[in-house]
Amino acid sequence: MSVLDNTGDSILQRRFTLGDLVDRQILPEVCNGYTELFQVGFKLLDQDGQVLVDTRGANEEFCSYLFTFPQGKQLCTRQVSLLRQAQAAENAVNSECFCGLRYLILPVKHEGNILGKLIFGPYQPAESNPPALDYLGEKFRPDVAGRLRSAVRRINEEVAGKVAWHILRVLEAMLYISYKHVLTSRVHLESINASYNELQQKNRTLQESFERLKELDRLKSNFLATISHELRTPLTSIIGYSEMLLEGLAGQLSPEQHEYVSTVMEKGEQLLGIINSILDFSKLEAGRVQLKPQQINVKDLIRGALTTMMPIARKAQVNISLAMAENLPPLVADAEKFSQILLNLLSNAVKFNRPGGRVEVIVDTFNRQRDPKQDADIPAALRPVHDEYLRLQVRDTGIGIAANQLERIFDSFYQVDGSSTREFGGTGLGLTIVRGLVEAHGGTIEVASQPGQGSTFTVLLPLEPRALAGGSDGT
Amino acid sequence: MVQFNIQQKEIEIKIVYYGPAMSGKTTNLQAIHQLVDPQRCGRLMILNTADDRTLFFDLMPVFFRTEMGFSVKVKIFTAPGQIMHNSTRRVILQGADGIVFVADSQRDLIKANNESWRGMVSNLKLNGLDINDIPVVIQFNKRDLPNARSDSEIDEVARRGKEPVFKAVAIKGEGVLETLDAILRLTWRRLDKAIAIGQKLRLDENSFVDNLLRRKSSPLPETGR
């Protein structure tokens with residue numbers, strides 16, 4: 001159909017003409033069927049007067065006879081042009097020919113607009129007597145005219161009206177089906193086109209970022225490899241040789257020598273820990289921490305972390321207990337980082353405890369009021385009220401943290417008391433790393449503490465972190 | 001975008017019903033079709049899959065002729081809700097003059113409402129339209145379901161936002177015409193401001209809305225779910 005050629009504007013806003021909507025093969029078939037049935041011809045014209053359908057009724061011979069007379073020809077031509085020019089009105093309009101035959105003109109409507117007209121006829125109205133046509137000339141023979149006229153279908157006005165409206169309704173239904181067909185096929189095409197363009201664009205962007213990331217990844221790997229190698233290799237020797245000395249492989253050490261070498265080895269291991277922490281930290285700082293989000297088994301990971309911590313806790317004479325809610329929902333997170341968060345918190349809780357102290361690990365879910373700023377782009381009425389989190393609490397009975405220090409404990413390299421670095425060891429990076437990892441998961445970490453009684457660290461990890469889970473409204 | 005043809009004496013306005021899957025956009029249209037005078041609305045075109053999900057869109061025109069002989073037509077479209085039909089949603093949103101966002105009142109579908117809204121904003125943007133320039137009303141449909149958020153909750157969230165909020169049970173025709181009435185008025189006001197439509201058509205807001213939404217005179221037949 002011609003409408004498909006016009007690709008410029010949106011199909012949904014196009015104004016259709018009658019010609020756009022008729023199926024020029026099927027429509028004449030249907031119309032001819034009606035003409036055969038009722039023996040009345042009809043025409044379908046668009047608003048410009050173009051004829052789209054024209055079926056011939058049983059009036060042909062009668063009209064041809066009248067057309068042989070000069071005045072008949074003139075009157076007939078005038079009637080035809082009158083019909084063509086007649087504007088279709090909301091209701092049916094009658095038009096009577098000089099010969100007494102009659103036409104009905106009906107509007108063809110689509111969505112309230114008149115797209116054309118249906119001219120039904122001519123037929124012989126059953127109610128009225130034919131007019132005398134002797135004025136057509138001496139050669140006019142009323143008996144011949146009467147015989148030919150009798151072949152024209154006689155219908156009373158009411159029936160003619162009903163038949164014409166029926167045909168009109170069928171026509172309008174056919175127009176509607178065409179309209180539906182044109183609209184849907186075109187919307188389908190436009191949708192496919194839109195999807196295709198979108199995918200092309202995304203592919204290009206992905207390809208570009210992939211290339212860029214490959215390059216960055218190569219640089220990063222080089223850097224990390226260099227750092228690891230340059231710093232750790234000599235350290236490994238320092239630790240290894242110290243260990244060999246301590247084991248007496250180079251001969252028995254005096255108690256004093258043993259103590260010095262022990263210190264060298266211990267500090268070496270500490271340094272190795274620091275280097276590892278700094279590597280973790282630098283990744284976090286650069287936003288380069290790479291999460292491998294997956295559905296993780298929280299229970300197993302927590303039990304694993306506790307098992308790891310047990311020997312250290314036993315040595316420090318700290319008792320660790322676990323309270324885990326039944327039916328924990330699945331959590332999407334990076335398993336390794338999750339364990340690291342827990343291990344760091346546990347090791348702090350043990351380290352800053354005192355002999356005979358306790359560490360409690362409590363795991364459950366938590367609903368938190370959502371920050372409205374997070375949804376500034378949607379109307380207030382549609383904003384979600386709550387977010388669901390996995391809550392991980394580590395509670396200790398250690399030395400606690402003073403209120404004015406609470407803010408700073410997550411700062412890098414910070415420990416509450418400068419001297420405590422020596423007393424308790426560590427880089428002061430542990431909590432910074434924990435916070436970085438938690439935030440990378442879209443979560444938060446908070447601390448509450450009573451100096452002298454202990455501290456509680458509370459980690460909230462969103463059950464379905466947006467950045468990790470991905471997926472939105474298809475765009 | 002409104003199609004205004006002064007020579008043909010025609011104006012055509014486009015309203016789009018948008019919202020998450022299964023929130024009742026098609027049901028809104030069906031209810032309107034049931035309630036409005038058949039002289040004023042055309043056929044309801046529904047393009048469904050076998051399981052009654054909208055495949056492409058639904059379409060229903062509402063129209064009347066002014067005393068000056070102007071043909072005023074509002075075409076109401078619904079966008080398909082299912083996630084996979086995003087590009088169709090974008091095509092349907094082209095040139096929208098007003099939007100009804102049909103949200104689902106069910107408590108567990110807040111997120112689906114949000115995602116749909118975000119998708120709509122991004123689709124509008126891709127069509128060169130700005131959500132802040134288009135009249136929008138929000139309808140919370142399915143008020144009759146047991147897990148629907150409470151009236152006071154909806155009232156509370158409605159107070160917080162600038163978009164007019166309506167409660168509806170589209171399946172029973174409740175709140176449906178009120179929603180349409182509101183978006184027609186907002187759209188009229190915007191078009192009047194932008195292209196002085198009232199002056200051109202010699203029509204005011206009330207006649208515009210009342211003429212389009214003239215109710216059926218006969219009693220309503222029962223609607224089934």
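The values are calculated or read from the model by the stated rules, or taken from the named source; none is laboratory data. This is a predicted model, so every value here is computed, not measured. No Cβ is skipped: glycine too gets one built from the backbone with ideal geometry, and neighbour counts run over all protein chains shown.
Tell me, yes or no, whether the stretch A:122-134 has at least one residue that is out of contact with any His (no Cβ under 8 Å at 6 or more places or on another chain), within 14 Å of another protein chain (Cβ to nearest Cβ) and under 22 Å from A:V51 (Cβ atoms).
no
The residue of the stretch B:86-96 that is surrounded by the most Cβ atoms within 10 Å (Cβ to Cβ), among those that are at the interface with another protein chain (Cβ under 8 Å from one of its Cβ atoms) and of a type in the set (A, V, I, L, M), is B:I92.
Take residues that are of a type in the set (A, V, I, L, M, F, W, C) and surrounded by 21 or more Cβ atoms within 10 Å (Cβ to Cβ) and tell me which of the strands (runs of 3 or more DSSP E) falling wholly in the stretch A:327-396 contain 3 or more. Spell out how you get there, then give the answer.
Details: elements: A:331-333, A:358-369, A:386-396.
Output list reads A:386-396.
Of the set (1) at pLDDT below 80; (2) more than 14 Å from chain B (Cβ to nearest Cβ); (3) surrounded by 13 or more Cβ atoms within 10 Å (Cβ to Cβ); (4) within 30 Å of B:M84 (Cα to Cα), all apply to A:Y414 but (4). Summed over the stretch B:166-190, residues that are closer than 15 Å to B:T27 by Cα and assigned to a strand (DSSP E or B) total 3. Criterion applied to B:A103, B:A96, B:A112 was being assigned to a helix (DSSP H, G or I) and either aliphatic (A, V, I, L, M) or closer than 23 Å to A:S185 by Cα (or both), and the one residue passing it is B:A112.
Can you go through B:I32, B:I83 and tell me which one is more than 9 Å from every other protein chain (Cβ to nearest Cβ) and among the aliphatic types (A, V, I, L, M)? Talk me through it step by step, then tell me what you get.
On the way: B:I83 fails: more than 9 Å from every other protein chain (Cβ to nearest Cβ).
None of the other options fit; the residue is B:I32.
Of all residues in the stretch B:97-111, those being more than 10 Å from every other protein chain (Cβ to nearest Cβ) and crowded, with 23+ Cβ neighbours inside 10 Å number 7.
Would you check if there is a residue in the stretch A:118-133 being aromatic (F, W, Y), under 30 Å from B:F64 (Cβ atoms) and part of a helix (DSSP H, G or I)? No: the stretch A:118-133 contains no residue that is aromatic (F, W, Y), under 30 Å from B:F64 (Cβ atoms) and part of a helix (DSSP H, G or I).
B:T54 falls short on exactly one of the conditions (1) touching a helix residue (DSSP H, G or I) at 6+ places or on another chain (Cβ under 6 Å); (2) buried (at least 22 other Cβ atoms within 10 Å of the Cβ); (3) over 16 Å from B:A170 (Cβ atoms); (4) more than 7 Å from chain A (Cβ to nearest Cβ), and that condition is (3). Whether a residue is within 30 Å of B:L55 (Cβ to Cβ) and modelled with pLDDT of 90 or more was assessed, and A:L206 passes this test. Of all residues in the stretch B:127-148, those that are at the interface with chain A (Cβ under 9 Å from one of its Cβ atoms) and of a type outside the set (A, V, I, L, M) total 1.
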